[in-house]
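Here the structure is laid out as C-alpha coordinates; the discussion comes afterwards.
The values are calculated or read from the model by the stated rules, or taken from the named source; none is laboratory data. Worth saying up front: this structure is predicted, and the values here are computed from it rather than measured. Note that we place each Cβ from the backbone using ideal geometry, even for glycine, and neighbour counts take in every protein chain shown. Surface areas here come from the heavy atoms of the whole protein model, side chains and all, with no ligands, DNA or RNA. Shrake-Rupley method; radii C 1.70, N 1.55, O 1.52, S 1.80 Å.
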Amino acid sequence: MDPRIPRLRRKLATIPFLPLRSHSFGEEHHQFRLGPKLTESRVAAFEAEHDIALPYAYRQFLTHIGGSGAAPFYGVMPLVRWSVLVMNPAGEPGAPRGFNVTDRETRESDVFLHIIEMGCTDVCVLEVTGPLTGRVLTGNSDGHWGPNVSSATDFLDWYERWLNQMNDGRDNRALELTSPRLRAHPNRHRLAPKI
(Lines give C-alpha, C1' and ligand atoms only; values in the text may rest on other atoms or scores of the structure.)
Protein backbone atom coordinates (compact mmCIF):
# COMPACT_ATOMS: atom_id res chain seq x y z
CA MET A 1 0.00 0.00 0.00
CA ASP A 2 1.21 3.51 -0.83
CA PRO A 3 2.43 5.27 2.35
CA ARG A 4 0.23 8.31 1.57
CA ILE A 5 -2.99 6.32 1.97
CA PRO A 6 -3.31 6.44 5.81
CA ARG A 7 -2.51 10.17 5.82
CA LEU A 8 -5.18 10.88 3.17
CA ARG A 9 -7.76 8.85 5.12
CA ARG A 10 -7.05 10.86 8.29
CA LYS A 11 -7.25 14.19 6.48
CA LEU A 12 -10.51 13.29 4.74
CA ALA A 13 -12.06 12.17 8.04
CA THR A 14 -11.44 15.57 9.67
CA ILE A 15 -12.29 17.94 6.78
CA PRO A 16 -16.10 18.07 7.21
CA PHE A 17 -15.72 19.12 10.86
CA LEU A 18 -13.29 22.02 10.41
CA PRO A 19 -15.09 25.33 11.01
CA LEU A 20 -12.73 27.50 8.92
CA ARG A 21 -12.18 25.19 5.97
CA SER A 22 -12.90 26.16 2.38
CA HIS A 23 -16.13 25.19 0.71
CA SER A 24 -15.59 22.67 -2.08
CA PHE A 25 -17.94 22.97 -5.05
CA GLY A 26 -20.05 19.81 -5.22
CA GLU A 27 -19.50 18.75 -1.61
CA GLU A 28 -23.27 18.70 -1.10
CA HIS A 29 -23.36 15.87 -3.64
CA HIS A 30 -20.73 13.54 -2.13
CA GLN A 31 -20.90 14.90 1.46
CA PHE A 32 -17.30 13.73 1.97
CA ARG A 33 -18.40 10.10 1.90
CA LEU A 34 -16.67 7.40 -0.09
CA GLY A 35 -18.11 4.47 -1.97
CA PRO A 36 -16.86 0.94 -1.32
CA LYS A 37 -13.25 0.19 -2.22
CA LEU A 38 -12.77 -1.75 -5.44
CA THR A 39 -11.20 -5.19 -5.41
CA GLU A 40 -8.04 -5.84 -7.41
CA SER A 41 -9.99 -8.32 -9.53
CA ARG A 42 -12.65 -5.71 -10.39
CA VAL A 43 -9.97 -3.18 -11.39
CA ALA A 44 -8.15 -5.82 -13.45
CA ALA A 45 -11.40 -6.76 -15.20
CA PHE A 46 -12.02 -3.11 -16.13
CA GLU A 47 -8.46 -2.78 -17.44
CA ALA A 48 -8.80 -5.93 -19.53
CA GLU A 49 -12.18 -4.87 -20.91
CA HIS A 50 -10.81 -1.50 -22.05
CA ASP A 51 -7.22 -2.57 -22.83
CA ILE A 52 -5.67 -0.01 -20.47
CA ALA A 53 -3.63 -0.04 -17.26
CA LEU A 54 -4.68 2.34 -14.49
CA PRO A 55 -1.86 4.50 -13.13
CA TYR A 56 -0.45 3.26 -9.82
CA ALA A 57 -1.65 6.17 -7.63
CA TYR A 58 -5.22 6.03 -8.92
CA ARG A 59 -5.33 2.26 -8.49
CA GLN A 60 -4.14 2.74 -4.90
CA PHE A 61 -6.92 5.25 -4.26
CA LEU A 62 -9.60 2.93 -5.65
CA THR A 63 -8.44 -0.20 -3.83
CA HIS A 64 -7.43 1.36 -0.49
CA ILE A 65 -9.53 4.52 -0.02
CA GLY A 66 -12.75 4.34 -2.05
CA GLY A 67 -14.17 3.44 -5.44
CA SER A 68 -16.28 6.61 -5.67
CA GLY A 69 -17.33 9.66 -3.69
CA ALA A 70 -15.44 12.44 -1.90
CA ALA A 71 -13.17 14.39 -4.24
CA PRO A 72 -13.11 17.81 -5.91
CA PHE A 73 -16.22 18.87 -7.83
CA TYR A 74 -19.00 16.23 -7.65
CA GLY A 75 -16.56 13.51 -6.59
CA VAL A 76 -15.05 10.37 -8.07
CA MET A 77 -17.58 8.67 -10.30
CA PRO A 78 -18.29 4.98 -9.76
CA LEU A 79 -16.60 2.55 -12.13
CA VAL A 80 -19.79 1.95 -14.12
CA ARG A 81 -19.83 5.64 -15.17
CA TRP A 82 -16.20 6.00 -16.28
CA SER A 83 -15.62 6.85 -19.93
CA VAL A 84 -12.50 6.20 -21.97
CA LEU A 85 -11.68 9.37 -23.93
CA VAL A 86 -9.23 10.74 -26.46
CA MET A 87 -8.42 14.39 -27.01
CA ASN A 88 -9.90 15.94 -30.14
CA PRO A 89 -7.41 16.60 -32.94
CA ALA A 90 -5.63 19.94 -32.85
CA GLY A 91 -7.39 22.72 -34.73
CA GLU A 92 -6.11 26.24 -35.07
CA PRO A 93 -2.94 27.00 -33.10
CA GLY A 94 -3.81 27.97 -29.53
CA ALA A 95 -7.44 26.80 -29.81
CA PRO A 96 -8.71 24.70 -26.86
CA ARG A 97 -9.24 21.00 -27.49
CA GLY A 98 -12.08 18.87 -26.22
CA PHE A 99 -12.47 15.15 -25.57
CA ASN A 100 -14.42 12.37 -27.30
CA VAL A 101 -15.46 8.93 -26.09
CA THR A 102 -13.50 6.17 -27.79
CA ASP A 103 -13.37 2.41 -27.93
CA ARG A 104 -10.33 0.17 -28.14
CA GLU A 105 -10.69 -0.38 -31.89
CA THR A 106 -10.54 3.32 -32.85
CA ARG A 107 -7.78 4.59 -30.54
CA GLU A 108 -4.89 6.27 -32.26
CA SER A 109 -3.65 8.67 -29.61
CA ASP A 110 -3.24 9.22 -25.86
CA VAL A 111 -6.05 7.80 -23.75
CA PHE A 112 -7.78 9.53 -20.85
CA LEU A 113 -10.25 8.25 -18.27
CA HIS A 114 -13.16 10.51 -17.24
CA ILE A 115 -13.14 9.94 -13.49
CA ILE A 116 -14.70 13.02 -11.87
CA GLU A 117 -17.93 14.80 -12.73
CA MET A 118 -17.56 18.57 -12.92
CA GLY A 119 -20.98 19.45 -14.31
CA CYS A 120 -22.30 20.34 -17.76
CA THR A 121 -19.71 19.35 -20.37
CA ASP A 122 -16.69 20.03 -18.15
CA VAL A 123 -14.54 16.98 -17.45
CA CYS A 124 -11.84 15.94 -15.02
CA VAL A 125 -9.76 13.22 -16.60
CA LEU A 126 -6.74 11.08 -15.80
CA GLU A 127 -4.27 10.30 -18.55
CA VAL A 128 -3.70 6.54 -18.74
CA THR A 129 -1.41 6.40 -21.81
CA GLY A 130 0.89 9.07 -23.14
CA PRO A 131 3.46 11.56 -21.85
CA LEU A 132 1.26 12.73 -18.95
CA THR A 133 0.31 9.25 -17.69
CA GLY A 134 -1.03 9.49 -14.14
CA ARG A 135 -1.64 13.26 -14.26
CA VAL A 136 -5.05 14.91 -13.77
CA LEU A 137 -6.38 17.29 -16.42
CA THR A 138 -9.52 19.42 -16.43
CA GLY A 139 -11.18 20.68 -19.57
CA ASN A 140 -14.36 20.88 -21.53
CA SER A 141 -15.46 17.96 -23.67
CA ASP A 142 -16.64 20.41 -26.35
CA GLY A 143 -13.35 22.31 -26.29
CA HIS A 144 -14.75 25.57 -24.89
CA TRP A 145 -11.80 25.83 -22.47
CA GLY A 146 -8.72 23.94 -21.36
CA PRO A 147 -7.40 21.40 -21.08
CA ASN A 148 -5.42 22.37 -18.02
CA VAL A 149 -2.83 19.96 -16.65
CA SER A 150 -2.43 19.85 -12.88
CA SER A 151 1.09 20.34 -11.57
CA ALA A 152 0.50 17.48 -9.11
CA THR A 153 2.62 14.47 -10.07
CA ASP A 154 -0.17 11.90 -9.68
CA PHE A 155 -3.74 11.42 -8.48
CA LEU A 156 -2.85 11.00 -4.80
CA ASP A 157 -0.82 14.24 -4.81
CA TRP A 158 -3.69 16.03 -6.57
CA TYR A 159 -6.18 14.67 -4.04
CA GLU A 160 -3.97 15.68 -1.10
CA ARG A 161 -3.59 19.20 -2.54
CA TRP A 162 -7.39 19.47 -2.52
CA LEU A 163 -7.56 18.34 1.13
CA ASN A 164 -4.69 20.61 2.23
CA GLN A 165 -6.05 23.72 0.57
CA MET A 166 -9.52 23.09 1.92
CA ASN A 167 -8.06 22.54 5.40
CA ASP A 168 -6.11 25.83 5.13
CA GLY A 169 -9.24 27.77 4.11
CA ARG A 170 -7.77 28.78 0.75
CA ASP A 171 -9.38 29.92 -2.49
CA ASN A 172 -8.51 27.86 -5.55
CA ARG A 173 -10.55 28.27 -8.72
CA ALA A 174 -8.85 25.30 -10.38
CA LEU A 175 -10.22 23.03 -7.62
CA GLU A 176 -13.38 25.13 -7.10
CA LEU A 177 -12.52 25.96 -3.48
CA THR A 178 -13.94 29.05 -1.81
CA SER A 179 -12.46 30.34 1.45
CA PRO A 180 -14.70 31.29 4.38
CA ARG A 181 -13.58 34.92 3.94
CA LEU A 182 -14.64 34.99 0.30
CA ARG A 183 -17.92 33.15 0.96
CA ALA A 184 -18.88 35.89 3.42
CA HIS A 185 -18.10 38.78 1.05
CA PRO A 186 -21.13 40.30 -0.76
CA ASN A 187 -19.19 40.57 -4.08
CA ARG A 188 -17.46 37.19 -3.79
CA HIS A 189 -18.08 36.28 -7.43
CA ARG A 190 -15.86 39.19 -8.49
CA LEU A 191 -13.03 38.60 -6.02
CA ALA A 192 -11.96 35.01 -6.62
CA PRO A 193 -8.47 34.95 -8.07
CA LYS A 194 -7.86 32.89 -11.19
CA ILE A 195 -5.13 30.36 -10.50
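At a glance:
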quantity	calculated
Highest average packing first - 51-63, 32-44, Cβ atoms within 10 Å	51-63, 32-44
Sequence ranges 6-15, 147-156, 123-132, ranked by mean other-Cβ count within 10 angstrom, highest first	123-132, 147-156, 6-15
Rounded to whole Hz, the Karplus (6.51, -1.76, 1.60) HN-Hα couplings of region 50-65, x for glycine and proline	9, 6, 9, 10, 5, x, 3, 5, 5, 4, 4, 4, 5, 8, 10, 10
Accessible area per residue in Å² at 1.4 Å probe, computed on the chain	52
Compactness index (Cα Rg / 2.2 N^0.38 Å), region 65-128	1.21
For the chain: rounded, prolate or oblate by the Cα gyration tensor [a/c cutoff 1.5]	oblate
Cα gyration tensor category, rounded, prolate or oblate, for region 5-88 with a/c compared to 1.5	prolate
Share of carbon and sulfur in the accessible heavy-atom surface of region 1-107 [1.4 Å probe, %]	57
